Amino acid sequence: MMSIPLLLASSSPRRFDLLRQVGFHPEVRIPEVDESQLLGEKPDAFVSRLALEKVHSIRSQVQHAEWLALGADTVVVLEGQVFGKPSSVQEALEMLVSLSGKKHEVLTGYCLLHTKKKQEVKRSCRVIRTQVSLRSLSLEEIERYVATSEPLDKAGSYGVQNFGTLLVEKIEGSYTNVVGLPLTELCSDLKDFFGIPLFSWIN
């Protein structure tokens, strides 16, 4: 049974809700990292680096003697171009125009870090990929969707849940990865990480 605190190094309410859905009670810590992509950095290396940096950035906020931290970062990738969260309504419109009618990848990098007495005990980092195809959207449909404000805090300017589900034609791979955290893979890693059976953390 996993009895140590799980610290979520993320401000994302979607990641928090996903963890709660499968029986975790994470403590949220807000990471402070520069989320800019480095020159020449490939998308998988980018999300993996940010996930690890987010975990390390919260270390000074933790008072527990032993803890497990989870950091994650999600991006949309179309033909090698990384789409993160839009910085404006106009950028959200441009992203969705680019994605309309096309297949793209959603990448989530996540990192688990087990720390005891301020010393790193174990680390596991992975990148999970999901293929997503969006419907062909008219400009009016895109403008109406952006007007809901739903796209403004999401990678690629859409969410697969709520209104955004109407944009998605097909998903190949993990649905929760598109939401922001691949739960099946994460829980499998936790099982191996601590040598515990699935669901043993539920109380």
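The set of residues in segment 42-68 being at pLDDT 95 or above and out of contact with any Pro (no Cβ under 8 Å at 6 or more places or on another chain) consists of Lys42, Pro43, Asp44, Ala45, Phe46, Val47, Ser48, Arg49, Leu50, Ala51, Leu52. Which is of a type outside the set (Val, Ile, Thr) and at pLDDT 95 or above, of Pro182, Pro197? Sole residue among the options that is of a type outside the set (Val, Ile, Thr) and at pLDDT 95 or above: Pro182.
One residue is enough: does segment 33-43 have a residue meeting the conditions within 19 Å of Leu186 (Cα to Cα), of a type in the set (Val, Ile, Thr), surrounded by 15 or more Cβ atoms within 10 Å (Cβ to Cβ) and in contact with a helix residue (DSSP H, G or I) (Cβ under 9 Å, 6 or more places away or on another chain)? Outline the logic, then answer.
Residues of segment 33-43 within 19 Å of Leu186 (Cα to Cα): none.
No, the conditions are met nowhere in segment 33-43.
Annotation note: Cβ proximity below 6 Å between a residue of segment 1-24 that is modelled with pLDDT of 95 or more and a residue that is part of a loop (DSSP other than H, G, I, E, B) (sequence gap 6+ or interchain) occurs for Leu8/Pro26; Ala9/Pro31; Ala9/Ile58; Arg15/Gly180; Arg15/Leu181; Leu18/Leu181; Leu19/Pro26. With respect to the conditions (1) surrounded by 14 or more Cβ atoms within 10 Å (Cβ to Cβ); (2) in a strand (DSSP E or B), Leu137 lacks only one, and its number is (2). Screening Arg135 against (1) among the charged types (D, E, K, R); (2) closer than 21 Å to Ser36 by Cα; (3) touching a strand residue (DSSP E or B) at 6+ places or on another chain (Cβ under 9 Å) leaves a single unmet condition, (2).
Scanning segment 78-130 for residues that are touching a Cys at 6+ places or on another chain (Cβ under 8 Å), modelled with pLDDT of 95 or more and among the small types (Gly, Ala, Ser) yields a total of 1. Taken over segment 86-103, residues that are buried (at least 18 other Cβ atoms within 10 Å of the Cβ) and outside any helix (DSSP H, G or I) amount to 1. From the list Leu107, Leu113, Leu96, the lone residue that is in contact with a His (Cβ under 9 Å, 6 or more places away or on another chain), among the aliphatic types (A, V, I, L, M) and within 26 Å of Ser174 (Cβ to Cβ) is Leu113. Screening Leu186, Leu198 for residues that are within 15 Å of the chain's Cα centre (by Cα) and either buried (at least 20 other Cβ atoms within 10 Å of the Cβ) or not in a strand (DSSP E or B) (or both) leaves exactly one candidate, Leu186. Going by what's in this entry, would Glu35 be described as among the charged types (D, E, K, R), modelled with pLDDT of 95 or more and either out of contact with any Gly (no Cβ under 6 Å at 6 or more places or on another chain) or over 23 Å from Arg129 (Cβ atoms) (or both)? It is false that Glu35 is among the charged types (D, E, K, R), modelled with pLDDT of 95 or more and either out of contact with any Gly (no Cβ under 6 Å at 6 or more places or on another chain) or over 23 Å from Arg129 (Cβ atoms) (or both).
Screening Ile128 with (1) in a loop (DSSP other than H, G, I, E, B); (2) over 20 Å from Ser98 (Cα atoms) gives one miss only, at (1). When segment 149-181 is limited to residues that are β-branched (Val, Ile, Thr) and either part of a helix (DSSP H, G or I) or within 15 Å of the chain's Cα centre (by Cα) (or both), the one that is surrounded by the most Cβ atoms within 10 Å (Cβ to Cβ) turns out to be Val178.
For segment 64-80, the count of residues that are part of a loop (DSSP other than H, G, I, E, B) and crowded, with 18+ Cβ neighbours inside 10 Å is zero.
Take the conditions (1) farther than 18 Å from Lys85 by Cα; (2) of a type in the set (S, T, N, Q); (3) out of contact with any Ser or Thr (no Cβ under 7 Å at 6 or more places or on another chain); Ser149 misses just one of them, which is (1).
The values are calculated or read from the model by the stated rules, or taken from the named source; none is laboratory data. This is a predicted model, so every value here is computed, not measured. Quick reminder, even Gly has a Cβ in these numbers, built from the backbone with ideal geometry, and neighbours come from all protein chains shown.
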